[in-house]
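Presented below is the structure to which this report refers.
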Amino acid sequence: MRDLKYIDDDLYESSSKRAFISLKYLTLRGLPNLERMLKAEGVEMLPQLSYLRIASVPKLALPSLPSLETLDSGGINIELWKLLFDCRWIEVVDLFPKGIVCNMHKLKSLFIIHFKNLKVLPDDLCYLSALEELRISNCDELESFSMHAMQGLISLRVLTIQQCDKLISLTEGMGELACLERLEISFCPRLVLPSNMNKLTSLRQGSFRCFSGNSRILQGLEDIPSLQNLSLAHFHYLPESLGAMTSLQRLEIFSCANVMSLPNSFQNLTNLHTLLIVGCPMLEKRCKKGTGEDWHKISHVPELELTEAELHFRNNYSHWKKEVHLLHRNAEPYYMSSEDEFNTIVDAF
């Protein structure tokens, strides 16, 4: 099916006919030559499609999708495919389709994953005024965000950026995200935040993880006036600027084995209600009630939990396992073995 150009190559005699009228969920993966859904042009299609997953489909031109709410787009994780499907050879096609989001005015969730050659987040995102969640992950060559891309995301509530090794900075357009409530950045070792983080007046939750220990990523968080919940993991030290985040109510510190002590400014966090320290042996010792050298810095915090990582995650495992089961119980994949089988299924729609 690598040479497939159209999902349905039937001719539609009347322009009043519609195609795939009942389809709500669609996945297209590993189709490097797919150009359009239909060979015929000018036919209304996919009026009820709400979820679209595309991976390694670089030539696809999509029609207007009036009901689409979630677009999960990605290249192919070559290592994973070889492991799962015993592929000895597979062509790498991971170009982000140009103009793909321009006709998705109701899109609420967009996932951009495993585009190895994507260097700049495209300007097309500025058309997504209804977008509420944006997740960017495993884009190894991504270096920056386009200013225009961020300016149009006026409804964005959740921004997640994961494992983008070359990402250096976020555009000053971040300041336009007036509705942003949650920001999560994981394993982006070179990334620094823009200077206008103080404009994010709706930002309540932040989560930052970095195996390189890059504490520079935390610079600028103290300017966010509404930040209430903060989660930190894998840092080598905690900066004094942490004490300037006076709006914090909950702070979680995970797996910071190299952190020697809490910053002296920690006493300034007078609104802090909950402090969770997990897998940080030196901090656990220094924060021990009554006798720890840092106890005077945190004695004002009503709820305090100091625990080993293994014990913490074991206690939370059963709840996590239940959530994963509920998430995936209806996500059984179906793999077609021939083009004849594919055509039979298409004709059924």
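Only the coordinates and a few stated rules stand behind these numbers; no lab work does. Being a predicted model, the structure only gives us computed values, none of them experimental. Positions of Cβ are generated from backbone atoms using ideal geometry, with glycine treated the same way; all protein chains shown enter the neighbour counts.
At-a-glance table
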item: G74 long-range amide H proximity, modeled H, under 5 Å; result: I54, A55, S56, I113
item: Dipole axis of region 218-307 (+1 Lys, Arg; -1 Asp, Glu on Cβ), positive-most option in N268, G290, A244; result: G290
item: Computed P(r) (all Cα pairs; region 218-307; 5 Å bins; percent); result: 3, 15, 27, 30, 18, 5, 1
item: For C179, distant residues with modelled amide H under 5 Å away; result: L156
item: Contour minus Cα-Cα distance for T201 and M260 (0.36 nm per residue); result: 18.0 nm
item: Largest-first ellipsoid semi-axes for region 166-214, taking √(5λ) over the Cα gyration tensor eigenvalues, angstrom; result: 20, 13, 7
item: Computed magnitude of the charge dipole of region 122-228 (debye, nearest 20; Cβ of K, R +1, Cβ of D, E -1); result: 340 debye
